[in-house]
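Participant: Sharing a structure below in structure tokens format, with a few things to ask.
The values are calculated or read from the model by the stated rules, or taken from the named source; none is laboratory data. What you are looking at is a predicted structure, and each value in this text was computed from that prediction instead of being measured. With ideal geometry, Cβ positions are generated from the backbone for all residues, glycine too; neighbour counts draw on all protein chains shown. Surface accessibility is based on the protein's heavy atoms, side chains included, excluding ligands, DNA and RNA. Shrake-Rupley method; radii C 1.70, N 1.55, O 1.52, S 1.80 Å.
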Amino acid sequence: MKIFNVKKEIIENKKVSSNCYRMTFESKEIACRVKPGQFLHIKCSDTYDPLLRRPISVHSIENNVIGILYKVIGRGTGLLSKKTSGDTIDVIGPLGNGFDYQLVSNCQLPILVGGGIGIAPLYFLAQRLVERGSNITVLIGADTKYNILCVDELKKLDCKVKVSTDDGSAGISGTVVDLLKNELIPANSKFKIQNAKFKIFTCGPVPMLKQVNQLASKYNVSSQVSLERQMACGVGACMGCSIKIRNPKSEIRKNKMFDYKQVCKDGPVFDIKEIAWEEM
Ligand SMILES: Cc1cc2nc3c(=O)[nH]c(=O)nc-3n(C[C@H](O)[C@H](O)[C@H](O)COP(=O)(O)OP(=O)(O)OC[C@H]3O[C@@H](n4cnc5c(N)ncnc54)[C@H](O)[C@@H]3O)c2cc1C
Ligand code: FES
């Protein structure tokens, strides 16, 4: 796929929670090619400090306007948050491989599971699934109600939205994995559900993803996960974002239990069964 380096004027860079911002800019080149789950590599200042770009997922596409939703973590995202409308943003993209959602049909019910800022790429996925007529459930977890993102926007898309908070200030008191359990285990049955009808798409912190993996394998639900890793080059050259992948031939090649893949080039979206979670 063709990758572009564009410098665009920022339309808006708005604070949406205590530490998250939503930024928009127009780029026809990227907007008409990018798929949900793909990411942009963003230069966070007008100088070479910081030198490295920061990977941020595409959060929304409206016509040719690209939205990103990001959490201020350190220097790079801190500098990004200081930009205002009319400033310029330097972006490389689209990068990586996105979600494989084309096969979702009426007989498969997508459940989108976002932990914290992990909801960012899932909103774009919801936009595309809705266009395909899917009946979507979105589960969103956060520490407190002030950090629950995208609920109104997802409801406007006609998604069924359920919320959990660690402190119980909104939705159920618990984690987004508790919400997922409630979806997968029908209240009136102790038996395993007919899970072929569900498909999970998830993004969030690794401990949460590990639990999603356990549930998905227990209930045999096919699942795709978007992973975050520190990245330098963003295009598969530096090996900085390598992760261990289960080696399907490990029985034969006993000394080699794992293969490696690069999150930036082979991912960031993987089949949940591929990842060697015990090594994460
Ligand atoms: C595919 C992908 C998609 C993502 N999508 C989103 C999203 O949609 N929204 C969101 O909020 N976050 C997203 N993230 C996470 C986001 O990239 C990080 O939060 C961001 O990089 C933090 O940058 P920072 O400079 O603010 O934080 P820092 O912690 O200051 O820096 C980030 C990391 O880069 C390294 N680093 C910093 N400076 C240097 C240096 N000079 N030399 C070497 N290494 C350095 C550090 O080790 C540090 O851990 C995504 C990550 C990936 C991989
Ligand atoms: S960031 Fe360089 S290989 Fe992935």
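Participant: Considering the stretch 159-185 alone, what residues qualify as being surrounded by fewer than 18 Cβ atoms within 10 Å (Cβ to Cβ), at pLDDT below 95 and charged (D, E, K, R)?
Facilitator: Lys181
Participant: Could you tell me whether any residue of the stretch 4-23 is in contact with a Pro (Cβ under 9 Å, 6 or more places away or on another chain), more than 13 Å from ligand 1 (Cβ to nearest atom) and not in a loop (DSSP other than H, G, I, E, B)?
Facilitator: Within the stretch 4-23, the subset in contact with a Pro (Cβ under 9 Å, 6 or more places away or on another chain) is 4.
From what's left, more than 13 Å from ligand 1 (Cβ to nearest atom): 4.
Checking which are not in a loop (DSSP other than H, G, I, E, B) leaves us with 4.
Yes, because at least one residue in the stretch 4-23 is in contact with a Pro (Cβ under 9 Å, 6 or more places away or on another chain), more than 13 Å from ligand 1 (Cβ to nearest atom) and not in a loop (DSSP other than H, G, I, E, B).
Participant: Could you list, in sequence order, the residues of the stretch 107-155 that are part of a helix (DSSP H, G or I), surrounded by 19 or more Cβ atoms within 10 Å (Cβ to Cβ) and among the hydrophobic types (A, V, I, L, M, F, W, C)?
Facilitator: Ile117, Ile119, Ala120, Leu122, Phe124, Leu125, Ala126, Leu129, Leu154
Participant: Take residues that are modelled with pLDDT under 90 and out of contact with any Phe, Trp or Tyr (no Cβ under 9 Å at 6 or more places or on another chain) and tell me which of the strands (runs of 3 or more DSSP E) falling wholly in the stretch 192-280 contain 1 or more. Give the steps one after another, and end with the answer.
Facilitator: Numbers: elements: 198-203, 222-226, 242-246, 258-262, 269-271.
By residue number, 258-262.
Participant: Another one. Mind checking which pairs have a first residue in the stretch 229-240 that is closer than 21 Å to Glu279 by Cα and a second that is acidic (Asp, Glu) and more than 9 Å from ligand 1 (Cβ to nearest atom), Cβ under 8 Å, 6 or more apart or different chains?
Facilitator: Gly236/Asp266
Participant: So which residues in the stretch 24-54 are open to solvent by less than 50 Å² (accessible area, probe 1.4 Å) and in a strand (DSSP E or B)?
Facilitator: Selection gives Thr24, Phe25, Phe39, Leu40, His41, Ile42, Lys43.
Participant: Right, next: Taking into account only those residues within the stretch 227-248 that are more than 6 Å from ligand 2 (Cβ to nearest atom) and farther than 14 Å from Gly267 by Cα, which is most open to solvent (accessible area, probe 1.4 Å)? Outline the logic, then answer.
Facilitator: Taking the stretch 227-248 first, the residues more than 6 Å from ligand 2 (Cβ to nearest atom) are 227-230, 235, 242-248.
Checking the rest, the ones that are also farther than 14 Å from Gly267 by Cα come to 246-248.
Values: Arg246: 100, Asn247: 9, Pro248: 116 Å².
Restricting to residues being more than 6 Å from ligand 2 (Cβ to nearest atom) and farther than 14 Å from Gly267 by Cα, the top hit is Pro248.
Participant: So, one more: Right, Leu40: farther than 23 Å from Val225 by Cβ, of a type outside the set (D, E, K, R) and within 15 Å of ligand 2 (Cβ to nearest atom) or not?
Facilitator: On the way: farther than 23 Å from Val225 by Cβ: no; of a type outside the set (D, E, K, R): yes; within 15 Å of ligand 2 (Cβ to nearest atom): yes.
Taking the combined requirement at face value, the residue does not satisfy it.
Participant: Any chance you could count how many residues in the stretch 206-220 are in contact with a Lys or Arg (Cβ under 7 Å, 6 or more places away or on another chain) and among the aliphatic types (A, V, I, L, M)?
Facilitator: Total satisfying the criteria: 1.
Participant: Determine the pairs where a residue that is closer than 14 Å to Val161 by Cβ, located within the stretch 99-116, has a partner that is in a strand (DSSP E or B) and among the polar types (S, T, N, Q) with Cβ atoms under 8 Å apart, the partner being 6 or more residues away or on another chain.
Facilitator: Every condition considered, the pairs that remain are Pro110/Thr137; Ile111/Thr137; Leu112/Thr137; Leu112/Thr202; Val113/Thr202; Gly114/Thr202.
Participant: Looking at Ser81, Ser134, which one is touching a residue at least 12 places away in the same chain (Cβ under 8 Å), of a type in the set (Ser, Thr, Tyr) and within 16 Å of ligand 1 (Cβ to nearest atom)?
Facilitator: On the way: Ser134 fails: within 16 Å of ligand 1 (Cβ to nearest atom).
Just a single option satisfies the conditions, and that option is Ser81.
Participant: For residues that are touching a residue at least 12 places away in the same chain (Cβ under 8 Å) and either closer than 30 Å to Arg33 by Cβ or in contact with an Asp or Glu (Cβ under 8 Å, 6 or more places away or on another chain) (or both), tally how many sit in the stretch 146-159.
Facilitator: Of all residues in the stretch 146-159, those touching a residue at least 12 places away in the same chain (Cβ under 8 Å) come to 146-151, 153-154, 157-159.
Those left that are additionally either closer than 30 Å to Arg33 by Cβ or in contact with an Asp or Glu (Cβ under 8 Å, 6 or more places away or on another chain) (or both): 149-151, 153-154, 157-159.
Residues that pass the stated criteria total 8.
Participant: Could you identify the single residue in Ile56, Ile3 that is of a type in the set (Val, Ile, Thr) and more than 16 Å from the chain's Cα centre (by Cα)? Step through it out loud before you land on a result.
Facilitator: Values: Ile56 fails: more than 16 Å from the chain's Cα centre (by Cα).
When all the criteria are applied, what remains is Ile3.
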